[in-house]
Each structure stands twice: as structure tokens, then as C-alpha cells.
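All remarks here apply to the structure that follows.
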Amino acid sequence: MEIRQAIHSEHAKTLDTQGLRDQFLIEELFVDNQLKLVHSHIDRIIIGGAQPVEEPVTVPAALGKQTGTDFFLERRELGTINIGGPGSVVVDGTRHDIDTHEGLYIGKGSRDIQFESQNPDKPAAFYMACAPAHQAHPTRKVTLEDASPQTLGDTANSNRRTIYKYLVPDVLPTCQLLMGMTRLEEGSLWNTMPCHTHERRMEAYFYFDMADDSLVFHMMGEPQETRHLVVRNRQAVLSPSWSLHSGVGTGSYTFIWAMVGENQTFPDMDHVAMSDLR
């Protein structure tokens, strides 16, 4: 498990391109038959990926040492969305079949977790976000049809998109983790613009379904002191509360968002006027 420290906004202003990438960009999350995790001190979120191919990927009991607990989810909850082929997640002996773009919430107290692919030629790829939790909620599968869809934007501004809210209070209970997926319509390339920040929670964006020669210019930083990161397929960006999070692609893409913080009110955002951006 890689550890990332929290970064003050004044410190971030002094970083060059590589410095920003080192602190906020997660470049590799999927390796065959491995579990990859990044533990950020920003609201203690853990971002990860599991790609079982020839063999299952298991969450080892030793991970509890990284969180100071007897086992990984003793005091945590986890959400995962499958961006690969059909797969399964086995939680304490119960199998949950998770198809492409389906999700699973795994509640606090779950001990044994294993990720599997149904076909090694089309392996599953489980993107996950994990947050501290104070209460145990039931483990539950969420299909794309279960998610609470919301369509925003318009073609004139190249930001027509549908937000699928997998882990929100209207769908199922969690302690603090919010998670969902945003699909842009054909010809729309901007996400989350006009932009916003979250004074009361952080957010992580994970970009995928991108062509090999495509990329996203992900905007970050304080609204009056913006920076950008060049992000490629299956890479994630950590966004502290002080940072905006928005992007524009050179081609089509989809992204998964995950939020951790003080409330679960989805529209609780500090909107930034276009005239105030610098």
C-alpha cells in the first residue's frame, strides 16, 4: 500500500509538473492478479484496483497493519465498480456476481474479500474507494439501473453528461462514502464545468474507457490559481477540499467519482463562477 501525505494549497503552488503528478495523480492501479492500493491522508481515503486474471485477488489479512486494526475493514467501508469484463466478489463466503459497470458496497466488519473474473480472456477490473466507517451497513450490489441518474449540461457547452449515483443515501446507506460514475454523451468532452470545490469533503476522479492515444487535461488547484494534470486511461486524481476538479478530454471517456468527508448531501458544493477562474 502506497502512502500519500496531505498537501497544503500554499505548498501545491510551489510544485512543478512532476511534483503535482507525484502528489495528486495515481498512474497505476491495475496489474494482473494483484491488489494495488493508495492510502491518502486526505480524509483517509484509500483508492485501489484489483484485476484478477488467471487467479483470484484476495484482500490479505495483513492489510490491517496498515490501518492499525485486526483486519482491513474492521473500521472501514468499501465501494467498488467493475470497469472490466464480468466478475465476482466473494465477501465472507457470499458470492456477488458483478457485471461490467455494476457496483458493490461492502460494509464495515467484512473480513474475507476476494475478487474473481468469470473469463480470463476478458478479465474483470474492480476500481475501489474505501473510507473510515463508524457503523456496519449491509453489503449490497448496485446495478446501473439501481443507480440514481441525473443528466446535466448541454451540447452547446460540450458538457452533456449523465451522473449515475451508486453509493448515495437515496440508493443505500453508507457511513460517509459517496461513489458514482459519469458518462459523457457523444461529442461532449468537458466534465464538471462550471466547476466547484468542496469545503466539507474531498473527491477523487478515476478516468477510464479512453483510447490509447487519448488523454484528459484535468484542472486542479484553487479557483484563482489553477493548474492541470495530463491524465491517461485508468488513472486517478486526488482532489483536496481546496481544489477544483474538472477536465476536458481529447476524445471520449468515462469517470468514476468518490467522495469522503463530513456529510452525504450530494449537492453540497461551493460553486465557482466562470468569471472568477484564473
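Only the coordinates and a few stated rules stand behind these numbers; no lab work does. It should be emphasised that the depicted structure is a prediction, and the values quoted were computed from it without experimental measurement. We place every Cβ from the backbone using ideal geometry, glycine too, and count neighbours over all the protein chains shown.
A simple spin-label model places pseudo-atoms 7 Å from Cα toward Cβ; at residue 211 and residue 17 they are separated by 2.2 nm.
Among 103, 153, 79, the residue with the largest mean-square fluctuation in a Gaussian network model of the chain, with springs joining Cα atoms closer than 10 Å, is 153.
How big is the dipole moment of region 165-251 about its Cα centre under a simple scheme where the beta carbon of each Lys and Arg is +1, that of each Asp and Glu is -1, and everything else is neutral? Debye, nearest 20, please.
Numbers: 7 positive and 10 negative charges, 48 e Å.
Dipole of region 165-251, to the nearest 20 debye: 240 debye.
For region 22-78, a crude dipole built from +1 on the beta carbon of Lys and Arg and -1 on the beta carbon of Asp and Glu, taken about the Cα centre, is about 300 debye to the nearest 20. Springs join every pair of Cα atoms under 10 Å in this Gaussian network model of the chain, and among 93, 84, 49 the largest mean-square fluctuation is at 93. Remark: the residue 141-residue 186 segment gains 13.4 nm on full extension, using 0.36 nm per residue and subtracting the alpha carbon distance. Centroid-to-centroid, using Cα positions, region 231-278 and region 207-230 are 10 Å apart. Reducing region 31-100 and region 174-206 to their Cα centroids gives an inter-centroid distance of 22 Å. Spin-label model, residue 155 to residue 134: label points 7 Å out along the Cα-to-beta-carbon direction sit 4.8 nm apart. With a simple spin-label model that places each label point 7 Å from the Cα along the Cα-to-Cβ direction, the separation between residue 269 and residue 96 comes to 2.7 nm. When only C-alpha pairs under 8 Å and at least 6 residues apart count, what is the relative contact order of region 9-276, in percent? Averaging sequence separation for qualifying contacts and normalising by length gives 17 percent for region 9-276.
Couplings for region 28-37, taken from phi via the Karplus curve 6.51 cos²θ - 1.76 cosθ + 1.60 with θ = phi - 60°, read 10, 10, 10, 10, 3, 6, 10, 10, 10, 9 Hz in order; Gly and Pro are left as x. Rounded to the nearest 20, the size of the Cβ-charge dipole of region 9-276 about its Cα centre is 400 debye, with Lys and Arg at +1 and Asp and Glu at -1.
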